[in-house]
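S.K.: Provided herewith is a single structure, encoded as structure tokens, for subsequent inquiry.
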Amino acid sequence: MTVAAATATAWRHRHLLDVDVLSPGEIGLVLNGALGMTEVVAGGSARTATLRGVGVTTLFYEASTRTRVSFEVAARRLGAEVVNVTAGASSVTKGESLLDTVRTLEALGARMLVIRHSGSGAPYLAAGQFGGSVVNAGDGRHAHPTQALLDLYTLWRHLAPDADPAGPFLAGRKVAILGDALHSRVARSNLWTLTSAGAAVWICGPATLIDGFGAWATGGIGGSRPFTVTTDLAAALADADAVMALRLQRERMTAGLLPSLAEYAARYGLTRDRLSTARPGALVLHPGPMNEGVEIAPDVANGPQSVVTEQVANGVAVRMAVLELLNAARIAP
Ligand code: ASP
């Protein structure tokens, strides 16, 4: 296991609402922690149940498979007592507000609340009310911090496994993010973490789906880390070390942003031919769920360069690391 300089960094956060507040050292703490957790996940070594008896409640107002299940698996592996609440099957359907729900869950023993909501900012509202730790599991189009961290972890293990995860280990690497950036909390959070690790990030899609990113790119992430925005797929793919295809988020599209799915697939779908124009062996990522045949061809999604299944597995280790860091901050005097 890599012992990085990151271990000298202190973790400062009781909540994880976005990655924009994480220093490179704190990102390194998560990645190093996740590396240790992979041994636990693989069953290779015993680990103290650092969350033994801690009430972890998942509160999901939007559909999810991998994020919700991996938080549950992560919390259980650490010994937590896990309760899952799906808004559609709770008193939310009777009109209960988010804040009432949060207060109720806290009274029922929740000490860590993992929340997904269609409203950008909802986890911040919850964190203002909740006495324990709130983890954002995706809010609207705003942020998906643990997804960005697991993506970064996956890239670290493949592209720079011996490098310090708190350092610029993706310097000189190019990562292309393709598709529906407009509605993507994954793209927004990844922009922070990837540029923090030194990657050159290219956002590419039809003009209607990258709207607003151009202005952000010029100012740069955090006011200082520029990235590239283009509608030119060939330019985005050229020399890319990793390509992340995004799901077309039709549930968030309020206007006719695309002529048709077939046309989108024809012009921007990640096919084998297109992938062959990236760097040989370029990694293929997708946050899931995938629309195979739309943003990504089935043979690419399931091909030798795809690390999509690894991303899912890494999600458990990364979420274990995050829960452990937050819990320590929560109970710190
Ligand atoms: N699962 C990811 C999210 O919740 C990506 C997606 O749904 O397209 O944002």
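S.K.: Please figure out what share of the DSSP beta bridges in the chain is antiparallel and state it in percent, rounded to the nearest 5. Walk me through the intermediate numbers first.
M.R.: Values: 2 of 37 bridges.
Expressed as a percentage, antiparallel bridges in the chain total about 5.
S.K.: Follow-up question, since we're still on this one. How much area per residue is accessible in the chain when the probe is 1.4 Å and only protein heavy atoms are counted (Å²)?
M.R.: Per-residue accessible area for the chain comes out at 39 Å².
S.K.: What residue among ASN136, GLY205, THR309 has its Cα farthest toward the positive end of the dipole of the chain, where the charges are +1 on Lys, Arg and -1 on Asp, Glu, each on the Cβ?
M.R.: Positive-end residue among those listed: ASN136.
S.K.: Here is a follow-up. Which of ALA240, ALA215, ALA301 ends up with the largest GNM mean-square fluctuation for the chain, with Cα atoms connected below 10 Å?
M.R.: It is ALA215.
S.K.: Can you quote the Å³ per residue value for the convex hull of the Cα atoms in the stretch 208-333, rounded to an integer? Intermediate results must be reported in sequence, preceding the final value.
M.R.: Numbers: hull volume 20.4 nm³, N = 126.
Cα-based convex hull of the stretch 208-333, divided per residue, equals 162 Å³.
S.K.: GNM, the chain, Cα, under 10 Å: largest mean-square fluctuation among ALA242, ALA181, ALA122?
M.R.: ALA122
S.K.: Please identify, among MET244, MET290, MET253, the residue showing maximal mean-square fluctuation in a Gaussian network model of the chain using a 10 angstrom Cα cutoff.
M.R.: Among MET244, MET290, MET253, the largest GNM mean-square fluctuation belongs to MET253.
S.K.: Shifting gears a bit: Which whole-angstrom value gives the distance between the alpha carbon centres of the stretch 136-203 and the stretch 40-105?
M.R.: Each part's Cα centre sits 24 Å from the other's.
S.K.: Okay, next question. I'd like the antiparallel share, as a percent to the nearest 5, of DSSP beta bridges with both residues in the stretch 174-245.
M.R.: 10
S.K.: Among DSSP bridges having both ends in the stretch 62-212, what percentage is antiparallel? Round to the nearest 5.
M.R.: In the stretch 62-212, DSSP labels about 10 percent of beta bridges as antiparallel.
S.K.: If you don't mind, there's one more thing I want to ask. In the stretch 45-150, which trypsin sites (Lys or Arg not before Pro) are in a loop and have at most 16 other Cβ atoms within 10 Å, using DSSP for the loop call?
M.R.: ARG47, ARG52
S.K.: Under a Cβ-Cβ cut-off of 15 Å, what is the net charge of the residues other than LEU159 that fall near it, where Lys and Arg count +1 and Asp and Glu count -1?
M.R.: -2
S.K.: Right, here's the next one. Using θ = phi - 60° and the Karplus curve 6.51 cos²θ - 1.76 cosθ + 1.60, what whole-Hz ³J(HN,Hα) does each residue of the stretch 11-17 get, with Gly and Pro shown as x?
M.R.: 8, 10, 10, 7, 10, 10, 9
S.K.: Which listed residue (ALA215, VAL54, VAL21) has the Cα farthest towards the positive end of the charge dipole for the chain, taking +1 on Lys and Arg C-beta and -1 on Asp and Glu C-beta about the Cα centre?
M.R.: It is VAL54, whose Cα lies furthest towards the positive end.
S.K.: Enumerate the amide H contacts of ASP239 below 5 Å, restricted to partners 5 or more residues apart or on another chain; note that Pro and chain-start residues carry no placed amide H.
M.R.: ARG279
S.K.: For LEU326, what charge total do you get from the other residues with a beta carbon under 14 Å from its beta carbon, if Lys and Arg give +1 and Asp and Glu give -1?
M.R.: With Lys, Arg at +1 and Asp, Glu at -1, the net is +2.
S.K.: Would you work out what percent of the accessible area of the chain, with all protein chains in place, is carbon or sulfur (probe 1.4 Å)?
M.R.: Within the chain, the accessible surface is 54 percent carbon and sulfur.
S.K.: Here is a further query. Using amide H atoms built 1.01 Å from N in the peptide plane, name the residues 5+ places from GLU295, or on other chains, whose amide H lies under 5 Å from its own.
M.R.: Amide H neighbours of GLU295: LEU248.
S.K.: Around GLY219, what is the net charge, scoring Lys/Arg as +1 and Asp/Glu as -1 over all other residues with Cβ under 15 Å from its Cβ?
M.R.: +1
S.K.: Assigning unit charges at the beta carbon (Lys, Arg +1; Asp, Glu -1) and nothing else, what dipole magnitude in debye, to the nearest 20, does the chain show about its Cα centre?
M.R.: Here the chain has a charge dipole of around 500 debye.
S.K.: Would you be so kind as to identify all helices of the chain, as entire DSSP H runs, whose Cα atoms reach 30 Å or more along the helix's own axis and whose mean Kyte-Doolittle hydropathy is at least 0.5? Walk me through the numbers on the way to the answer.
M.R.: Values: long enough: 308-331 (34 Å, 0.84).
Span-like helices in the chain: 308-331.
S.K.: Quick one: which residues, 5+ away or cross-chain, put their amide H under 5 Å from the amide H of VAL114? H built at 1.01 Å from N.
M.R.: Distant-sequence amide H within range of VAL114: THR57, THR58, LEU59, VAL135.
The values are calculated or read from the model by the stated rules, or taken from the named source; none is laboratory data. What you see is a predicted model, and the numbers here were worked out from it, not measured in a lab. Neighbour counts are summed over all protein chains in view; Cβ atoms, including those assigned to glycine, are modelled from backbone coordinates with ideal geometry. With ligands, DNA and RNA removed, areas are computed over all heavy atoms of the protein, side chains included. Shrake-Rupley method; radii C 1.70, N 1.55, O 1.52, S 1.80 Å.
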